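J.: Structure incoming, see below.
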Amino acid sequence: MVNVYKLFGGRQVLKNICLDVRRGEILSIIGPSGAGKTTLLKLMDLLLHPDRGKIFFDGVDTDVDEKRRRLLRREMGMVFQHPALFDTTVFNNVALGLRIRGYPAEEIRKRVEGALSYVGLRGFAKRKVLSLSAGEAQRVSLARALVLEPKLLLLDEPTANLDPANVLQIEETVRRVNLEKGVTVVIATHNLLQAKRLSHRVAFLWMGELVEVGETREVFENPRSERTALYLSGKVVY
Amino acid sequence: MVVAAILTASIVFSTTNPTSTTRSRLVIATTTSTVDSGLLDYLKPYFDKRFDADMTWLYLGTGQAIAVASRGDADILLVHDREKEDAFLASGNGTHRATVMYNDFVIIGPANDPANIRGAGGAVEAFKRIAEAGRSGKTLFVSRGDNSGTHALEMKIWSAAGLDPRERGWYMEAGQGMSSTIRISSEKQAYTLSDRGTWVKLKSALGEALRLQILFEGDKTLLNPYGLILLNPVKYPKINSELAEKFFLFMVSKEGQRLIESYRVAGEQIFFPAFGKAEDIGLPSEEEEVRYWIKRLSENGLEPPPWVKQR
Amino acid sequence: MGKAEVEKKGGANHLAGWEEVFYGLVKAVELIFSGDPDVVQITILSLRVSGLATLIGGALGIPLGALVALRTFRGKTLVVSVINTLMGLPPVLVGLVYYILLSSTGPLGFLRLLYTPEAMILAQLTMVLPIAAGVTISSVSTIDPKLREVAVSLGANPLQETAILLWEARVGLLTALVVGFGAAISEVGAIMIVGGNLLGYTRALTTAIVLLTNQGEFVEAIALGIILLTLAFLVNAILTLLQMRSRSSLFAQIYTREPRLKW
């Protein structure tokens, strides 16, 4: 079974997206702000419906009723640009997904502690969310997604507001989880260096269209499209 | 902004209404029963015209009426609770008191009369029968329970019957005015004691919706005399004692007493003039008081009622 | 309570205003500690009626508010306006309407609810319900919409999603309940009309105060008023405590030097 996404057409924000995500890879989606990266990720997380075309997850057509979509959604984890944590303890935030799925209390406790250690926040369980720094909060957000042991991890500019130390910390965690657990990762970022560091493949999204997709090295060193070249060299692309 | 200005202006103008500053205002502290009967509304145009005044009244329970008067928040006191009236005079808060009128009370209850008081020989016996029926679970009694003049009279009858109905299951205390108490009695199909005025008025207003009837009336113990009390002008310098005295004169004069007699509710006479008739209705004599007022009446060019012989 | 004293007083002396308040305070302490059975009974009835009204009104109003806040439907603005208007329902009007409905000659007369504590609870919960719904709507609507997305992305079904958001808005909801309770326990018009102020059955603190005032027994009336205020104060104190606890980390942030969140 291969994690396959095929999108033909999409919302007005996105046009004619035809994208394959391979199992076990880290795929970066790069492009200027407003290009539609967030929308693309939300479509993958089944938070949105495509206006046209189909999305397949693990070979399964996702164009089904809400109940089944919910089940599919439970195999994915998403981290947004802003941590969006609930006003309670760190533990409760990370445990939320597990509680929704009805896991027993003892199991929840083990998993949450495990996830917190994994992101380097051991001992933070009882802290109130309002007392965290930005980096810590985003790591909680990541732990919240990881604790569910998703097959697919979606990250929407996860390190956009963080200082370099935290950026590297989070990247390290993402790399680990991909290597150790084989989690497929799709990360939207406008940090080109991050895309270069982390991903196996890169997709360049510009004004809702997928301009180019390919192996990271290939795209960065020999971009096929002129626009890609311009973007990569740092010039603003219109 | 303009709207706000207009609103403010209209409020200011309405409170400084020119007519109210030229006429003298009288504030009577009186009870809910008196007001509910509508008598004061009936008397107002005559008094206002005669003395170029503005007669107003406060709608209070007996206890509160007396408290208000003793603070000097009213100009004159009209209540129907002899004990409290006497105490008021004894304390020096009031200078003159006269019985000016009386009305009567009736015992009302459900049409089927479970306590069978229709044939009772007197009010006291009627109450005894109600208590007995209450004890055997056949009926209920609703009391004003508010230390009003009505309530005081009710308690006198219970005590004359040798009973203390409080804290018995069949006896309820409403703690409210007469109309409310009557309506509660109707809902619960219970007996209650009411002044005739309020009863007649409520019955004519609600008709069939009020499911009660007069089951006993006419006993002397059910007579309810009203005392009019002049407040001490020395103790309460700020009250309108001049106009209060004029009201007193009006009430005991031939004209006032005749008006009281002529007042009708739904065609029934409710109040009976009583100035100078204290002994006739079983009250202690008020000779001295009556003589004083006859003198004051003639000094003011007013006539005393015809039955008051020249003393 | 009070009757013997009135017979003694006979309405003679009055006290100056402040003296009455002072004696009222003294009397209140006296009444509370002596455990005067009438006062105890009246206080318990007030708590029972207003407490149940708040709980039931909240239990109905909060889910209603959540539903309205989280769904989009035609006429939503109208519904929200109606609820906001109902929040300001005049209590006496509510009392009057229920009286007409529950009176023996009225459509619901067969229920025989008039002049019972149940009727009082009904009237008061009618006033609490819109308050609970209205505050819930505003609390839930102001939750960051991203949190809603998070809940959904974590796989919550609509019921779970609503529960999560309601928990997130819990301080606002709690405030709604406390405000509702405060309004209910100090209400007098509706319960006077539908309850009847019957001693031992439907006499609450507020209606008892009206009666005592009518009787000119101002000291006792103030005493009951003080008891009433104390109850309202206690309930408010509990709310403030809970509010402080959830904000404590915020205070810690401001007063220590922990880095401030930028989101």
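Please treat every number below as a calculation from the coordinates, not as lab data. What you see is a predicted model; the values in this text were computed from it and never measured. When we count neighbours, we look across all protein chains shown, and the Cβ atoms used for this are built from the backbone with ideal geometry, even at glycine.
J.: Restricting to chain B, compute how many DSSP beta bridges are antiparallel as a %, nearest 5. If you can, show how the numbers build up before the last one.
T.: Working: 24 of 39 bridges.
The antiparallel proportion sits near 60 percent.
J.: Hey, another quick one. At 0.36 nm per residue, and after removing the present C-alpha to C-alpha distance, how many nm does the segment from B:ALA160 to B:ASP41 gain when stretched out fully?
T.: On the way: separation 119, 0.36 × 119 = 42.84 nm, distance 3.54 nm.
Going from the current span to full extension adds 39.3 nm.
J.: Full-extension gain between A:ALA105 and A:VAL60, please, as 0.36 nm times their residue separation minus the C-alpha to C-alpha distance.
T.: Extra length from A:ALA105 to A:VAL60 when fully extended: 13.0 nm.
J.: Rounded, prolate or oblate: which one fits segment C:18-253, using the alpha carbon gyration tensor with axes a ≥ b ≥ c (rounded when a/c is under 1.5, else prolate when a/b beats b/c, else oblate)? Walk me through the numbers before you get to the answer.
T.: On the way: a/c = 2.84, a/b = 1.52, b/c = 1.88.
It is oblate, given that a/c is not under 1.5 and a/b is not larger than b/c.
J.: Going through the cross-link list A:LYS37/A:LYS110; A:LYS42/A:LYS110; A:LYS42/A:LYS128; B:LYS238/C:LYS27; B:LYS156/B:LYS254; B:LYS84/B:LYS235, which pairs have a Cα-Cα distance over 26 Å in this structure? Kindly include the intermediate steps, with their values, before the conclusion.
T.: Numbers: A:LYS37/A:LYS110 34 Å; A:LYS42/A:LYS110 30 Å; A:LYS42/A:LYS128 28 Å; B:LYS238/C:LYS27 31 Å; B:LYS156/B:LYS254 33 Å; B:LYS84/B:LYS235 19 Å.
Result: A:LYS37/A:LYS110; A:LYS42/A:LYS110; A:LYS42/A:LYS128; B:LYS238/C:LYS27; B:LYS156/B:LYS254 exceed 26 Å.
J.: Something else now. Let me confirm one metric for peptide B:35-43, namely the mean number of other chain beta-carbon atoms within 10 Å of its residues' beta-carbons. Please list the in-between numbers first.
T.: Values: counts 0, 0, 0, 0, 0, 0, 0, 0, 0.
Neighbouring Cβ atoms belonging to other protein chains average 0 per residue here.
J.: Using Cβ contacts closer than 10 Å as the measure, can you line up B:SER136, A:SER141 from fewest to most?
T.: Ranked by crowding around the Cβ, least crowded first: B:SER136, A:SER141.
J.: While we're looking at this one, here's another question. Order of C:VAL21, A:VAL94, A:VAL64 from fewest to most other C-beta atoms within 10 Å? Kindly include the intermediate steps, with their values, before the conclusion.
T.: Details: C:VAL21 16, A:VAL94 30, A:VAL64 12.
If I rank by nearby Cβ atoms, fewest first, I get A:VAL64, C:VAL21, A:VAL94.
J.: Same structure, new question: Take the Cβ-Cβ distance between A:GLU226 and A:LEU179 as r, set R0 to 30 Å, and report the resulting FRET efficiency rounded to the nearest 0.05. Mind showing how you got there, number by number?
T.: Details: r = 35 Å, r/R0 = 1.16.
Approximately 0.30, to the nearest 0.05.
J.: While we're on this one: Give me B:TRP57, B:TRP293 sorted ascending by neighbouring Cβ count inside 10 Å, so fewest comes first. Write out the running numbers ahead of the final one.
T.: Details: B:TRP57 20, B:TRP293 23.
Ranked by crowding around the Cβ, least crowded first: B:TRP57, B:TRP293.
J.: Turning to a different aspect of this structure: Please state the shape class of segment B:105-222: rounded when a/c is under 1.5, otherwise prolate if a/b exceeds b/c and oblate if not, all from the C-alpha gyration tensor.
T.: On the way: a/c = 1.30, a/b = 1.24, b/c = 1.05.
Cα axes put segment B:105-222 in the rounded bin.
J.: Looking at segment C:161-221, which chymotrypsin sites (Phe, Trp or Tyr not before Pro) are DSSP coil and have at most 16 other C-beta atoms within 10 Å of their C-beta?
T.: Details: sites: C:TRP167, C:PHE181, C:TYR201, C:PHE218; in loops: C:TYR201.
Passing both the DSSP loop test and the Cβ count: C:TYR201.
J.: Could you name the aspartates and glutamates in cross-link range of B:LYS220, using Cα to Cα under 12 Å and dropping any fewer than eight places away on the same chain?
T.: Partners within reach: B:ASP104, B:ASP280.
J.: Also, I was wondering about something else. Modelled label-to-label distance, A:LEU192 and A:ASP163, 7 Å Cα→beta-carbon offset: nm?
T.: Placing both labels 7 Å beyond Cα along the Cβ direction yields 2.7 nm.
J.: If you place +1 on the Cβ of every Lys and Arg and -1 on the Cβ of every Asp and Glu, how big does the dipole about the Cα centre of segment A:26-232 come out, in debye to the nearest 20? Intermediate results must be reported in sequence, preceding the final value.
T.: On the way: 31 positive and 26 negative charges, 141 e Å.
Computed charge dipole of segment A:26-232: roughly 680 debye.
J.: Between B:GLU132 and C:VAL82, what is the FRET efficiency for a Förster distance of 51 Å, r being their Cβ-Cβ separation, to the nearest 0.05?
T.: The formula returns an efficiency of 0.40 here.
J.: Per-residue Cβ counts within 10 Å, from other chains only, averaged over C:206-216: what number is that? Can you show the working numbers first?
T.: Numbers: counts 0, 2, 1, 0, 4, 9, 6, 5, 16, 13, 14.
Per-residue shielding by partner chains comes out at 6.
J.: Let me ask something additional. What's the angle, to the nearest 10 degrees (0 to 90), between helix C:17-34's Cα axis and the longest principal axis of chain C?
T.: 80
J.: Loop-only trypsin sites (Lys or Arg not before Pro) in segment C:28-77, please: DSSP not H, G, I, E or B, and at most 12 other Cβ atoms within 10 Å. Walk me through the numbers before you get to the answer.
T.: Numbers: sites: C:ARG48, C:ARG71, C:ARG74, C:LYS76; in loops: C:ARG71, C:ARG74.
Passing sites in segment C:28-77 are C:ARG71, C:ARG74.
J.: Report, as an integer, the average count of C-beta atoms from other chains found within 10 Å of each Cβ along B:59-70. Please list the in-between numbers first.
T.: Numbers: counts 1, 4, 8, 5, 13, 8, 3, 8, 10, 3, 3, 5.
If you average over the peptide's residues, the count of other-chain Cβ atoms is 6.
J.: Additional query: For C:THR105 and C:SER141 in the same chain, what is the full-extension length gain: residue separation times 0.36 nm, less their Cα-Cα distance, in nm?
T.: Numbers: separation 36, 0.36 × 36 = 12.96 nm, distance 4.38 nm.
The span from C:THR105 to C:SER141 would gain 8.6 nm if fully extended.
J.: Nearest-5 percent of antiparallel DSSP beta bridges in chain A?
T.: Values: 9 of 27 bridges.
DSSP beta bridges in chain A are roughly 35 percent antiparallel.
J.: Mind checking the angle between helix B:123-135 and chain B's longest principal axis? C-alpha axes, 0 to 90 degrees, to the nearest 10.
T.: 50
J.: If you keep only loop residues by DSSP, which trypsin sites (Lys or Arg not before Pro) in segment B:227-297 have at most 13 other Cβ atoms within 10 Å of their Cβ? If you can, show how the numbers build up before the last one.
T.: On the way: sites: B:LYS235, B:LYS238, B:LYS246, B:LYS254, B:ARG258, B:ARG264, B:LYS277, B:ARG291, B:LYS295, B:ARG296; in loops: B:LYS235, B:LYS238, B:LYS277.
Loop-located and lightly packed - B:LYS238.
J.: Can I ask one more? Under a point spin-label approximation (7 Å from Cα along Cα-to-Cβ), what is the A:LEU71-B:TYR59 distance to one decimal in nm?
T.: Going from the A:LEU71 label point to the B:TYR59 one covers 6.9 nm.
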